[in-house]
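The values are calculated or read from the model by the stated rules, or taken from the named source; none is laboratory data. Note that the coordinates shown come from a computational prediction; the quantities given were computed from them, not determined experimentally. Note that we place each Cβ from the backbone using ideal geometry, even for glycine, and neighbour counts take in every protein chain shown. With ligands, DNA and RNA removed, areas are computed over all heavy atoms of the protein, side chains included. Shrake-Rupley method; radii C 1.70, N 1.55, O 1.52, S 1.80 Å.
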Amino acid sequence: MSKPVVAIVGRPNVGKSTLFNRIAGGLVAIVENKPGVTRDRLYRDAEWLGRKFALIDTGGIEFKAEGTPIASQMRKQAEIAVEEADVVIFVVDAQLAPTPDDDLIARTLRRSGKPVLLAANKVEDFEKAEGQLYDFLALGLGEAIPISAVHGMNMGDLLDMVVSNLPENAGEDYDPDVIRISVIGRPNVGKSSLVNNMLGRERVIVSNIPGTTRDAIDTPFEYEGKHYILIDTAGMRRKGRIEELTEQYSVVRSLHAVDRSDVILMLLDATEGVTEQDKKIAGYAHDAGKAIVIVVNKWDLVEKDDKTINKFEKTIREELGFLQYAPTMFISAKTGQRVHKILELVDFVTEQNSTRVTTATLNTLVREWLHLNPPPTDKGRRLKVLYLTQASVKPPTFVFFVNDPELMHFSYKRYLENQMRKHFGFEGTPIRIIIRQKDEEKE
């Protein structure tokens with residue numbers, strides 16, 4: 001199910017990005033620090049009072065169209081953010097009176113019909129805040145919530161109001177047995193062509209102009225008695241190359257599509273190899289815990305010999321080191337070469353992503369792993385793995401109860417993950433390992 005979306009909007013220099021970082025990086029974000037994984041700062045996951053939501057930051061948007069009135073630009077920014085959001089946080093500067101731009105954004109937000117929370121940032125004296133914020137009532141959005149994003153003041157009150165306005169059911173009404181597939185990648189790598197080939201009919205506009213597809217498009221289809229939802233997403237570019245505001249928000253839509261998918265087809269261009277942007281896009285899907293298939297497109301355009309595939313495969317594993325588990329397929333969306341085999345892999349990695357192992361089996365095997373490679377010691381203390389259980393699937397998540405989590409070195413954790421893959425497969429899916437402390441005397 002898709003997470004609800006919360007957008008932060010407002011004019012420049014009111015502290016939108018500071019608030020974004022405070023919510024997503026300070027108070028509530030769950031961040032997994034994995035080597036080689038870079039997150040896109042425009043869009044992050046957050047959680048408050050048990051409610052998870054996706055947070056959009058509009059602070060990084062730059063307006064480069066010369067001669068365009070600032071009012072028109074602001075209106076477009078707010079409209080696009082609101083279109084994607086379930087709740088909007090409108091940030092204003094508490095130290096200044098409402099500006100014409102504030103009024104313009106407020107009018108756009110009032111017309112949207114979406115829940116809007118007016119957050120007055122940069123408050124220094126909360127005892128005097130009520131009188132200081134009286135002028136913002138003129139915006140027609142109710143009383144402003146005084147906050148200080150820099151110091152984290154009053155964040156709890158703001159987030160309480162955010163979650164109270166989130167929709168109870170923020171997702172599609174698709175059957176749970178339906179497999180949702182997102183096709184992601186940079187612009188012009190052939191995503192729309194692949195979707196059309198898989199569907200066997202022209203359902204998405206195909207163009208050689210990067211950025212043609214603006215929205216994520218859901219297409220239900222059936223193949224050999226199984227039901228799927230195919231999601232074609234807009235291409236994602238580096239921020240520095242995004243000139244149009246609508247294209248910047250297509251990135252948000254693409255990342256949002258990842259969240260509501262079961263399987264990710266990570267599309268690479270065989271003529272260009274693996275780029276830095278590919279790493280960022282793949283890193284987001286990896287962090288989201290989705291089943292992943294690496295699909296190398298335009299293979300028909302590559303001059304080949306008997307070692308070409310092996311060389312390209314090696315490059316992928318070196319550049320996308322955190323996706324060692326993901327199977328790779330070389331195709332041509334244009335000619336249809338091997339496209340028909342993609343759904344076989346989709347079914348396979350879906351099953352792997354949902355695999356569950358009994359606790360008895362896990363604990364029998366972990367004793368063997370510990371015997372083969374004893375845990376490390378630190379200052380005379382040795383790590384003891386006391387118990388192991390699987391907490392969830394999608395992705396497979398395992399909890400190791402140990403005597404001291406500080407003794408679990410990254411390399412030994414990787415050893416345990418490798419052993420689990422050796423015995424159970426888990427091909428095409430990330431594995432999450434959680435280390436928790438347990439009192440030995442109670443065992």
Matching residues in region 319-374 - criterion: being of a type in the set (F, W, Y) and within 17 Å of F424 (Cα to Cα):
Y325, F348, W369
Please go through (1) under 27 Å from I292 (Cα atoms); (2) touching a residue at least 40 places away in the same chain (Cβ under 8 Å); (3) hydroxyl-bearing (S, T, Y) for Y387 and return the number of the only condition it doesn't satisfy.
(1)
Is at least one residue of region 204-219 at pLDDT 75 or above and either crowded, with 17+ Cβ neighbours inside 10 Å or under 29 Å from V6 (Cβ atoms) (or both)?
yes
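In this structure, does K128 turn out to be more than 20 Å from F53 (Cα to Cα), surrounded by fewer than 13 Cβ atoms within 10 Å (Cβ to Cβ) and of a type outside the set (S, T, Y)?
Numbers: more than 20 Å from F53 (Cα to Cα): yes; surrounded by fewer than 13 Cβ atoms within 10 Å (Cβ to Cβ): yes; of a type outside the set (S, T, Y): yes.
In short, yes.
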Every residue in region 90-103 that is over 29 Å from the mean Cα position of the chain (by Cα), crowded, with 18+ Cβ neighbours inside 10 Å and of a type in the set (A, V, I, L, M, F, W, C), please.
A94
Being of a type in the set (A, V, I, L, M, F, W, C), within 30 Å of D262 (Cβ to Cβ) and open to solvent by 80 Å² or more (accessible area, probe 1.4 Å) is the filter here; which residues of region 368-411 pass it?
F410
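Every residue, every condition in (1) open to solvent by less than 10 Å² (accessible area, probe 1.4 Å); (2) modelled with pLDDT under 85; (3) not aliphatic (A, V, I, L, M), yes or no:
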{"site": "S192", "(1), (2), (3)": "no, no, yes"}
{"site": "F221", "(1), (2), (3)": "no, no, yes"}
{"site": "H227", "(1), (2), (3)": "no, no, yes"}
{"site": "D232", "(1), (2), (3)": "yes, yes, yes"}
{"site": "R237", "(1), (2), (3)": "no, yes, yes"}
{"site": "E244", "(1), (2), (3)": "no, yes, yes"}
{"site": "Y249", "(1), (2), (3)": "yes, yes, yes"}
So which residues in region 146-158 are among the hydrophobic types (A, V, I, L, M, F, W, C) and either assigned to a helix (DSSP H, G or I) or open to solvent by less than 20 Å² (accessible area, probe 1.4 Å) (or both)?
I147, A149, M155, L158
Pull out all pairs, ordered by first then second residue, where Cβ-Cβ is under 9 Å, the residues are six or more apart or on different chains, the first lies in region 401-422 and is modelled with pLDDT of 95 or more, and the second is open to solvent by 70 Å² or more (accessible area, probe 1.4 Å) and aliphatic (A, V, I, L, M).
Q419/L372
